[in-house]
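Here is the structure we will look at, set down as structure tokens.
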Amino acid sequence: MAEAEVALSDREFDKIRDRIYRIAGISLGDAKRTLVVSRLSKLVRTKGLNSFDAYVDFLDKEATADEKQTFVNALTTNLTRFYREGHHFDHLVDYVRRLIAGPHHKSADGKARLRIWSAGCSTGQEPYTIAMCLMQHFPQLRNWDFRILATDVDTNVVATAAAGTYPQSDLEGLSKEQAKMFEIVGDGTIRVPAPLRKLVVFKPLNLMQDWPLKGPFDAIFCRNVTIYFDKPTQTRIFERFAGLLEEGAFLYIGHSENMRAEALGFRLEGKTIYQRLAGENGRAVA
Ligand SMILES: C[S@@+](CC[C@H](N)C(=O)[O-])C[C@H]1O[C@@H](n2cnc3c(N)ncnc32)[C@H](O)[C@@H]1O
């Protein structure tokens with residue numbers, strides 16, 4: 001039987017909004033009231049509590065780190081799919097073709113180096129799409145020092161992503177070429193093959209906190225993530241991305257997102273694709 005919903009007063013809604021904003025930068029508008037009730041009622045009941053007030057009090061005073069994380073996980077929206085916003089991957093392939101042909105960066109061991117970050121990777125479809133389309137076009141990347149870093153604030157989705165197993169229905173809408181990159185497991189699931197999984201390093205990471213990352217990156221994908229943030233938070237994140245991108249590298253953002261490119265050290269290359277400009281603008285903010 002479905003858990004009974006817990007009543008949510010205006011004051012309780014404000015406390016929850018304030019908490020998720022402080023922790024994850026997520027701004028919940030008035031329209032998200034029903035989302036809060038439907039996602040959190042079960043957590044309130046599971047703790048044997050009978051109000052959101054009591055639940056927030058519990059989070060403030062008694063909850064373990066895991067219980068606090070469960071609250072965050074419950075309020076993220078993780079919608080994603082393979083090859084979402086396909087024009088980004090077409091652009092990435094052209095860009096990497098140019099990188100391979102031209103002078104490229106080298107790792108300490110002398111290997112050519114390629115680094116891509118999927119920031120807000122959800123259940124992994126975005127970083128795996130990057131891995132699949134690049135390895136399909138450029139098998140020689142096998143000999144490169146090529147890594148994709150994939151991070152998300154939601155620890156549940158990071159665990160799902162690392163497993164690399166998905167329902168077979170995720171193949172719907174993909175071309176034959178795209179679908180053939182997956183292993184068919186045979187029980188209604190598909191799997192990203194091990195050599196492709198190995199290219200991706202998954203880590204929980206909250207964009208509101210420090211980023212213990214080794215840049216610089218040749219590309220950052222942060223798509224359909226900052227849509228949940230307010231403008232000042234978005235600007236701060238884009239500035240920090242600028243500080244971690246190679247000059248000439250690209251930032252890919254979601255279809256309904258935008259930024260003041262020049263002020264932040266970028267130029268608009270094409271629909272939701274921004275190129276990091278040469279120069280110091282934004283560089284110091286990592
Ligand atoms: C709608 S999904 C987008 C997934 C993928 N980038 C795509 O476009 O298909 C948004 C993701 O952003 C993550 N997110 C939200 N706030 C975040 C934060 N402060 N730090 C890191 N990730 C965050 C959510 O957990 C969620 O998985």
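A few remarks follow.
- Evaluation of Leu79 against the conditions (1) under 17 Å from the mean Cα position of the chain (by Cα); (2) crowded, with 17+ Cβ neighbours inside 10 Å; (3) within 16 Å of the ligand (Cβ to nearest atom) shows that the sole unmet condition is (2).
- Scoring Leu40 on the criteria (1) in a helix (DSSP H, G or I); (2) open to solvent by 20 Å² or more (accessible area, probe 1.4 Å); (3) farther than 24 Å from Lys231 by Cα leaves a single failure, condition (2).
- Pair list, Cβ under 6 Å, 6 or more apart: the stretch 6-33 residue more than 17 Å from Asn206 (Cβ to Cβ), other residue within 13 Å of the ligand (Cβ to nearest atom): Arg17/Leu28
- The stretch 82-98 - residue that is buried (at least 21 other Cβ atoms within 10 Å of the Cβ) and away from the ligand (no atom under 13 Å from the Cβ) and, of those, nearest to Tyr274 (Cα to Cα): Leu92
- Residue within the stretch 59-69 that is among the hydrophobic types (A, V, I, L, M, F, W, C), surrounded by 15 or more Cβ atoms within 10 Å (Cβ to Cβ) and either in the same structural domain as Val158 (by TED's automatic domain parsing) or in a strand (DSSP E or B) (or both) present: no
- Only listed residue being of a type outside the set (Ser, Thr, Tyr) and under 21 Å from the mean Cα position of the chain (by Cα), chosen from Leu277, Leu245: Leu245
- Long-range neighbours under 8 Å by Cβ, at least six apart or interchain, first residue among the basic types (Lys, Arg) within the stretch 181-209, second more than 16 Å from the ligand (Cβ to nearest atom): Arg191/Thr165; Arg191/Phe182; Arg191/Glu183; Arg191/Val185
- First in the stretch 249-264 and charged (D, E, K, R), second anywhere and assigned to a helix (DSSP H, G or I), Cβ under 8 Å, 6 or more apart: Glu257/Thr226; Glu257/Ile227; Glu257/Gln234; Arg260/Thr235
- Here the stretch 132-151 is the region considered, the condition is being in a strand (DSSP E or B) and under 14 Å from Arg197 (Cα atoms), and the residue that is farthest from the ligand (Cβ to nearest atom) is Phe146.
- Close pairs (7 angstrom Cβ cut-off, 6 or more residues apart or separate chains): open to solvent by 20 Å² or more (accessible area, probe 1.4 Å) in the stretch 218-237, more than 7 Å from the ligand (Cβ to nearest atom) and acidic (Asp, Glu) anywhere: Ile227/Glu257
The values are calculated or read from the model by the stated rules, or taken from the named source; none is laboratory data. These numbers come from a predicted model, not from an experiment. Here Cβ is always computed from backbone atoms with ideal geometry, including for glycine, and neighbour counts include all displayed protein chains. The protein model used for the area step is the full one, side chains on, heavy atoms only, and it has no ligands, DNA or RNA in it. Shrake-Rupley method; radii C 1.70, N 1.55, O 1.52, S 1.80 Å.
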